[in-house]
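These notes are about the structure you will find just below.
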Amino acid sequence: MKNKIPSSAITPEKIYRQRREIMKKAGVGVGLSAVAAPSAGALFGLFGDDEPAQPDVAVYQPKPLTISKKVPNNLTEKLTPESKVTSHNNFYEFGTNKTDPIENSKLFNPEPWTIEIDGEVKQKVTLDMDAIFKQHAIEERIYRLRCVEAWSMVIPWLGFPLAALLKQVKPTSKAKYVAFQTLYDPERMPGQNSRFSSIPFPYVEGLTMAEAMHPLTLMSVGLYGKTLPAQNGAPLRLVVPWKYGFKSIKSIVKITLTEQQPPTTWQALAPNEYGFYANVNPEVDHPRWSQGSERRINDGFRAERIPTLMFNGYQDEVASLYKGLDLRKFY
Ligand SMILES: Nc1nc2c(c(=O)[nH]1)N[C@H]1C(S)=C(S)[C@@H](COP(=O)(O)O)O[C@H]1N2
Ligand SMILES: [Mo]
């Protein structure tokens, strides 16, 4: 961007309106793309030098969080540096290239925020982040994150078990699944602008009740000691470490307990490539690439190629959830 305007010289709202005008004028249609295919993300780059500058510094800054407990783990791998965790992202609401989310979320302010929990519950609730922080002690949990695209990271998440949140609403006996929904607000999430979007929005995900109640399943509110950066799913996202990353839905506004299996974004888009379960499994390849190994993103210039572990290395904890299930059929 050669005509970069210093953030001090222009208000974020003004930049944002200019950006939207340009996007409208550009009027380029986009076809369907899958997670790993080169895709519509390039469109954000199409504007080149005409693209109004995003502010140098994001309007929302992650804040330090008080950690009440560091949950022990047996990970021997090194943490992925914070700079990589926050700059190599999948968050299609802000574009499809890995560096789009950090660039295109600089105007996104996740405050204030509310999340609604309803469906098969005895006590439906709407919570703001203050209520969430009051009700839940924040734990640090270091987990591997394995993307279906065969890259991975090791991330120190902050959060609390999803089970604690679900117990609060008292699930009925009919609650068999948990459905999650990301914010839908194309004004604030430019990748949702219909002309540029490559997947349907809002992004939706789901878990079985047993998966949702599993102690490893985390509602994350932060990473690396602070609240979540916008590009990582501020202010509240799911982290399910034994499943492919696309299950870990970001910026959640709604959780609904259901009797029937809920639709999920990638499964709806390409059911032969992405399943509802999406458990990390080196023995079940993606139709277009092997899942036997992965590129571990680390502090070096080149990611290291390492073997992928069954259930992403969480086999001892979670294998019992899938006893008797044909993991080739239920991928
Ligand atoms: N709402 C929403 N959630 C999402 C995605 C997305 O595009 N939109 N991408 C998923 C994918 S494919 C991955 S790998 C992880 C990436 O999380 P990270 O960027 O924090 O590493 O977020 C998941 N959650
Ligand atoms: Mo992913």
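The values are calculated or read from the model by the stated rules, or taken from the named source; none is laboratory data. On a predicted model such as this, the values are computed, not experimentally measured, just so you know. Ideal geometry is used to build each Cβ from the backbone, glycine not excepted, and the neighbour counts take in all protein chains shown. Side chains included, ligands, DNA and RNA excluded: accessible areas come from the protein's heavy atoms. Shrake-Rupley method; radii C 1.70, N 1.55, O 1.52, S 1.80 Å.
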Exercise for the section: Report relative contact order for the range 109-155 in percent, whole number only (criteria: Cα-Cα under 8 Å, sequence separation at least 6). Expected result: 23 percent
Completion exercise
Rounded to the angstrom and largest first, Cα extents along the principal axes for the range 56-155 equal 40, 37, 30
Fill in the blank from the handout: Protection proxy (average C-beta count within 10 Å per residue), highest first, orders 85-91, 129-135, 229-235 as 229-235, 85-91, 129-135
Completion exercise
For the range 62-322, shape from the Cα gyration tensor axes a ≥ b ≥ c, cut at a/c of 1.5 then a/b versus b/c, turns out rounded
Exercise for the section: Between Lys167 and Val284, with labels modelled 7 Å along Cα→Cβ, what's the label distance in nm to one decimal, could you check? Expected result: 3.1 nm
Handout entry: Peptides ranked, highest mean first, by Cβ atoms within 10 Å: ranges 57-67, 288-298
Key = 288-298, 57-67
Exercise for the section: Could you grab the Rg to Rh ratio for the range 222-331? Cα atoms only, Kirkwood for Rh. Expected result: 0.98
Fill in the blank from the handout: Extend 7 Å from the Cα of Gln315 along its Cα-to-C-beta direction; within the range 61-90, residues with backbone N under 19 Å of that point are 74-77
Handout entry: Amide H contacts under 5 Å for Lys243, placed H, 5+ residues apart
Key = Val280
Completion exercise
Rounded to the nearest whole number, the Stokes-Einstein translational diffusion coefficient of the range 140-258 at 4 °C and 1.567 mPa s (Kirkwood radius, C-alpha pairs) in µm²/s is 87 µm²/s
Exercise for the section: Evaluate the distance, in nm, between pseudo-label points positioned 7 Å from the Cα of Ala137 and of Ile306 along their respective Cα→Cβ axes. Expected result: 3.0 nm
Practice task
Give the accessible surface of the range 168-261 per residue, rounded to a whole number of Å², with probe radius 1.4 Å and ligands, DNA and RNA excluded.
Solution key: 29 Å²
